1. Based on this model, can you work out whether residue 144 counts as touching a Lys or Arg at 6+ places or on another chain (Cβ under 7 Å), surrounded by 13 or more Cβ atoms within 10 Å (Cβ to Cβ), under 16 Å from residue 185 (Cα atoms) and aromatic (Phe, Trp, Tyr)?
2. With the structure loaded, tell me whether residue 88 is modelled with pLDDT of 95 or more and not hydrophobic (A, V, I, L, M, F, W, C) or whether it fails that test.
3. Return the total of residues in region 1-28 being in a helix (DSSP H, G or I), surrounded by fewer than 15 Cβ atoms within 10 Å (Cβ to Cβ) and small (Gly, Ala, Ser).
4. Please go through (1) of a type in the set (A, V, I, L, M, F, W, C); (2) without any contact (Cβ under 8 Å) to a residue 12 or more places away in the chain; (3) part of a loop (DSSP other than H, G, I, E, B) for residue 130 and return the number of the only condition it doesn't satisfy.
5. Looking at the structure I just gave you, is residue 12 outside the structural domain of residue 111 (by TED's automatic domain parsing), under 27 Å from residue 99 (Cα atoms) and free of Cβ contacts under 8 Å to residues at least 12 places away in the same chain?
6. Give the residue, chosen from 183, 105, 169, that is over 30 Å from residue 3 (Cα atoms) and touching a helix residue (DSSP H, G or I) at 6+ places or on another chain (Cβ under 9 Å).
7. Taking into account only those residues within region 135-190 that are in a helix (DSSP H, G or I) and polar (S, T, N, Q), which is nearest to residue 45 (Cα to Cα)?
Amino acid sequence: MTAYERAHQNTADLHYAGPDKNGVHIIIDAAEIAPDRFEVAALRTGGGELAMIDAYSLDEARSAYNRLYDRYVTPATKPDTKPLTGKYAQLRDDLRAVYKIGQEAAAQVEDTGTCNMDAPALRLTRWNAAKVEQACKEAGGGCFKWSCFNRFVICFPIPGQACKVETAAEAMTKALREMGYDALTYCQMD
């Protein structure tokens, strides 16, 4: 058993890698660093720490994880948001379909390898960014703008953090290409 597996054997279900309530990719994770000593952290893409909580039982770690999840992930409701129509509604529906494809692909592999934040990235030239973000949120994920390549990186919460995320991202990218989108896989190690 690796050190990573030991640290996560009791907390494997306390891991989230996906968009925060603003569509920015984050990780929330709980690890047992010593017997009955847990660290629960929320981190930004690239390693910026949002929060770190020490816990001294598995129940405390679960409670801390849920507080961080509620603080950073649970979306704020916007009652004035208009329903999506046209190409934005189609994007939402297509993203829902590829999210299922990604989940199915991730379920087929073991989660070994390097932690990553891989995700499909779409070039949507002259699309309204707010409506793209709304489509992503309604599909169950989020997105952020990859400015240097003029793409939206589409983030979905995939259970896993290494090969499962990579496999899901590649499957979703392939499906989006087959649907006619200009898609590639955004790759980033954690």
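1. Answer is no for this residue.
2. For residue 88, the condition - modelled with pLDDT of 95 or more and not hydrophobic (A, V, I, L, M, F, W, C) - is met.
3. Total satisfying the criteria: 1.
4. The number of the failed condition is (3).
5. For residue 12, the condition - outside the structural domain of residue 111 (by TED's automatic domain parsing), under 27 Å from residue 99 (Cα atoms) and free of Cβ contacts under 8 Å to residues at least 12 places away in the same chain - is met.
6. None of the other options fit; the residue is 183.
7. My answer is 147.
The values are calculated or read from the model by the stated rules, or taken from the named source; none is laboratory data. Model, not experiment: these values are computed from the prediction. Glycine also receives a Cβ, built like all others from the backbone with ideal geometry; neighbour counts cover every protein chain displayed.
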